[in-house]
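Chemist: I am attaching a structure below and will ask some questions about it afterwards.
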Amino acid sequence: MRFFVLTVFPEIFKFLEDYSVLGRAIKNGVVEVKTLNLRDFSRDKHRTTDDYPFGGGPGMVMLAEPIFKALNGVKKEAEGVYTILLGPGGTRFSHQKALELARMKDICLICGHYEGVDSRVREVCDEEISLGDFVTSGGELPAMVIIDAISRLTPGVLGNIESLGEESFFEGLLEYDHFTRPRELTIPEILISGHHAAISDWRLRNSLLKTLFFRPDLLSKKELNPKERKILSETLQVLEGILKKNQ
């Protein structure tokens, strides 16, 4: 998996080489992150990458020309590269989107900055993606989040591939609660019983209830199996009983 990042702050991405699982993947050659400094593609001696917006208004807008030049260079190196502009008007990034993008061989991320990017850049991109309804100072931090989320789904990145299937959102649910030492503190007794089937049932119930109370929107999108429906039905019956008792 190769990532090309178009940015005016390429030095930020050096951090990824020393960052946890992703850092190991980069050092082992499983993932490659190549940054292109947009200032290197500017036409003037000041290496300008932004200008005042036509029509007036506050802030500066990133020039289209340096981005076009950098992107053309990427396309020569990586034919068929999937190009993503990071911006507030894009598709909301999610686990499903990460799964979709993990099938790509090469991805180019264009990091906006200042008041935004010349709108003509959108016309040469395959997609625009947003992390959510908030504003960051530039596209660099969102780009790193996206690189990490996609890379985790790339074969050879995670040491224990089984852990991937139990993470939050993988099955449309929040992940169950985790506990570790010391045992002296209060923890669910079932987790130290050695009864694997019972532990599995507890984890499923815990995952469903966490999702029900904290992210019910996820349940509305998930196709529940009979066991999951039974657990939620029993839970709702208990809640209805409590409400009736307190009326």
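Chemist: Could you work out how far the C-alpha centroid of the stretch 182-226 sits from that of the stretch 25-101, in angstrom?
Modeler: 41
Chemist: Among 1-10, 238-247, how do they line up by average Cβ neighbours within 10 Å per residue, starting with the highest?
Modeler: 1-10, 238-247
Chemist: Explain nothing, just the number: relative contact order of the chain, from Cα pairs under 8 Å at least 6 residues apart, as a whole percent.
Modeler: With pairs under 8 Å counted, the relative contact order is 18 percent.
Chemist: Also, quick follow-up: Would you mind checking which residues have amide H under 5 Å from CYS108's amide H? H placed 1.01 Å from N; only 5 or more apart, or other chain.
Modeler: PHE4, TYR82, THR83, ILE84
Chemist: Can you compute the FRET efficiency between GLN247 and LEU141 using 1/(1 + (r/R0)^6), with r the Cβ-Cβ distance and R0 = 45 Å? Round to the nearest 0.05.
Modeler: Efficiency computed from Cβ-Cβ geometry: 0.40.
Chemist: From a point 7 Å beyond the Cα of SER94 in the direction of its Cβ, which residues of the stretch 111-140 have a backbone N at a distance under 18 Å?
Modeler: Output list for this probe position: 127-134.
Chemist: Evaluate E = 1/(1 + (r/R0)^6) for ASN28 and GLU77, where r is the Cβ-Cβ distance and R0 equals 25 Å; express this FRET efficiency to the nearest 0.05.
Modeler: The pair ASN28/GLU77 has a calculated efficiency of 0.70.
Chemist: Tell me, what is the FRET efficiency for PHE134 and LYS222 to the nearest 0.05, using R0 = 25 angstrom and their Cβ-Cβ distance as r?
Modeler: Efficiency, rounded to the nearest 0.05: 0.45.
Chemist: Taking every DSSP beta bridge that has both residues in the chain, what percent is antiparallel when rounded to the nearest 5?
Modeler: Counting DSSP beta bridges with both partners in the chain, the antiparallel share is about 10 percent.
Chemist: Using modelled backbone amide H atoms (1.01 Å from N, in-plane), which distant-in-sequence or interchain residues come within less than 5 Å of THR35's amide H?
Modeler: Result for THR35 returns VAL5.
Chemist: Would you mind checking the tilt of helix 196-214 against the longest principal axis of the Cα atoms of the chain, expressed as 0 to 90 degrees and rounded to 10?
Modeler: Computed tilt is about 60 degrees.
Chemist: Rank-order 148-155, 73-80 by packing density, defined as the average count of other C-beta atoms within 10 Å over each peptide's residues, highest first.
Modeler: Descending mean neighbour count gives 148-155, 73-80.
Chemist: Relative contact order for the stretch 1-137: what percent, with Cα pairs under 8 Å and sequence separation of 6 or more?
Modeler: 29 percent.
Chemist: Could I ask something else about it? Quick one: angle between helix 64-77 and the longest Cα principal axis of the chain, in degrees between 0 and 90, rounded to 10, please.
Modeler: 70
Bear in mind that the values in this text are calculations on the coordinates, not laboratory data. Predicted, not measured: the structure shown is a model, and the values here were computed from it. Methodologically, a virtual Cβ is constructed for each residue, glycine included, from the backbone with ideal geometry; neighbour enumeration extends over all protein chains shown.
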